[in-house]
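S.K.: The structure follows.
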Amino acid sequence: MALLPILTAPDPRLKKKSLPVEAVDAGVRQLMDDMLETMYAAPGIGLAAPQVGVLKRVIVLDIDREDTRTGPLLMANPEIVEASDDDATYEEGCLSVPEHYSDVVRPARVTVRYLDRDGKKQDLACEGLLATCIQHEIDHLDGILFIDHISSLKRNMILRKLLKTRKEKERDEAEGKAPSRTRDQAKDPEHAL
Ligand code: GNR
Ligand code: NI
């Protein structure tokens with residue numbers, strides 16, 4: 001098991017279309033297990049392979065709620081085979097768009113067809129947060145983020161803020177490489193100049 005670094009927007013890899021897996025082999029199972037561990041650690045309720053820089057159609061989810069206790073769901077090549085006409089609105093967030101949340105409208109119920117960890121074909125009917133989350137994860141496999149479902153004004157504002165935060169972090173890290181004397185060290189005779 002391993003924790004994988006999560007990419008944040010804007011990153012060109014998050015805009016790419018992922019390729020189906022040919023089979024759920026040992027490599028894909030390893031990826032699923034690492035993604036699940038990474039998702040729990042984040043913490044999040046879903047994660048798609050492109051978020052960890054792997055452009056394969058693999059997603060993991062775990063919606064642990066009073067009304068929907070599915071346990072961990074590991075899916076390869078997931079596809080929506082049925083969607084309801086009526087919509088539901090959820091306030092969505094994304095590990096690749098940290099600290100930003102927006103209402104997104106999607107079909108309220110969907111049926112998803114996928115290969116499970118054993119490579120067995122499954123059909124799962126979903127509603128509520130699980131339906132929303134599965135659609136959010138499959139969007140990732142097509143290079144779509146939840147901010148692509150909101151107004152371009154709001155989207156561009158979020159992307160600008162994310163870029164600014166990243167630049168500040170990079171600047172702090174660059175300065176951190178040559179650590180300046182801390183206040184405590186300055187007071188300590190052993191660190192006197
Ligand atoms: O952890 C997550 N929470 C969430 C909340 C509402 C709608 C979608 C999600 S998915 C998100 C984790 C994530 O970024 N998955 O791609
Ligand atoms: Ni996401």
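Any read-out appearing in this document is the output of simple, stated calculations on the displayed coordinates, not a laboratory observation. Please read these numbers as outputs of a predicted model, since none were measured by experiment. Counting neighbours? That spans all protein chains shown, and the Cβs are built from the backbone with ideal geometry, glycine included.
S.K.: Determine the gain in length on full extension of the stretch Leu153-Gln30; use 0.36 nm per residue of separation and subtract their C-alpha separation, reporting nm with one decimal.
M.R.: Result for the pair: 40.3 nm of gain on full extension.
S.K.: Treat each spin label as a single point 7 Å out from the Cα along the C-beta direction, and report the Glu175 to Val105 distance in nm.
M.R.: About 4.5 nm separates the two model spin labels.
S.K.: By how many nm would the segment from Thr165 to Lys15 grow when fully extended, if each residue of separation counts as 0.36 nm and the alpha-carbon distance is taken off?
M.R.: That pair, Thr165 and Lys15, stretches by 52.0 nm at full extension.
S.K.: Quick query: amide H of Arg117 versus all other amide H atoms, modeled in the peptide plane; which residues come in under 5 Å with a sequence gap of 5 or more or a different chain?
M.R.: Leu74
S.K.: Additional query: The stretch 53-120: which GluC sites (Glu not before Pro) are DSSP loop and have at most 16 other beta-carbon atoms within 10 angstrom?
M.R.: Here the GluC sites (Glu not before Pro) that fit, given the DSSP loop and packing criteria, are Glu66, Glu99.
S.K.: Can you pull out the trypsin sites (Lys or Arg not before Pro) in the stretch 38-84 whose DSSP state is coil and whose Cβ has at most 16 other Cβ atoms within 10 Å?
M.R.: Of the trypsin sites (Lys or Arg not before Pro), the ones in loops of the stretch 38-84 whose Cβ has at most 16 other Cβ atoms within 10 Å are Arg65.
S.K.: A follow-up question, please. Out of residues 5 or more away from Ser102 or on other chains, whose amide H comes under 5 Å of its own, with H placed 1.01 Å from N in the peptide plane?
M.R.: So Ser102 has HN proximity to Glu92.
S.K.: Work out from phi, with θ = phi - 60° and the Karplus expression 6.51 cos²θ - 1.76 cosθ + 1.60, the ³J(HN,Hα) of each residue of the stretch 159-168, listed in order in whole Hz, and give x for Gly and Pro.
M.R.: 4, 5, 5, 5, 5, 5, 4, 5, 5, 5
S.K.: Here is a further query. Could you tell me how many cubic angstrom of Cα convex hull volume the stretch 12-191 has per residue?
M.R.: Normalising the Cα hull of the stretch 12-191 by residue number yields 169 Å³.
S.K.: While we're looking at this one, here's another question. Two decimals is fine: what is log10 I(q)/I(0) at q = 0.15, 0.16, 0.20 Å⁻¹ for the stretch 24-93, from a Debye sum with one equal scatterer on every Cα and no solvent?
M.R.: Taken in order of the listed q values, log10 I(q)/I(0) reads -0.57, -0.65, -0.94.
S.K.: Moving on to the next point. State, to one decimal in nm, how far the label point of Asp118 lies from the label point of Met1, with both points 7 Å from Cα in the Cβ direction.
M.R.: 2.2
S.K.: Any chance you could give the angle, 0 to 90 degrees and rounded to 10, that helix 128-141 forms with the longest Cα principal axis of the chain?
M.R.: 70
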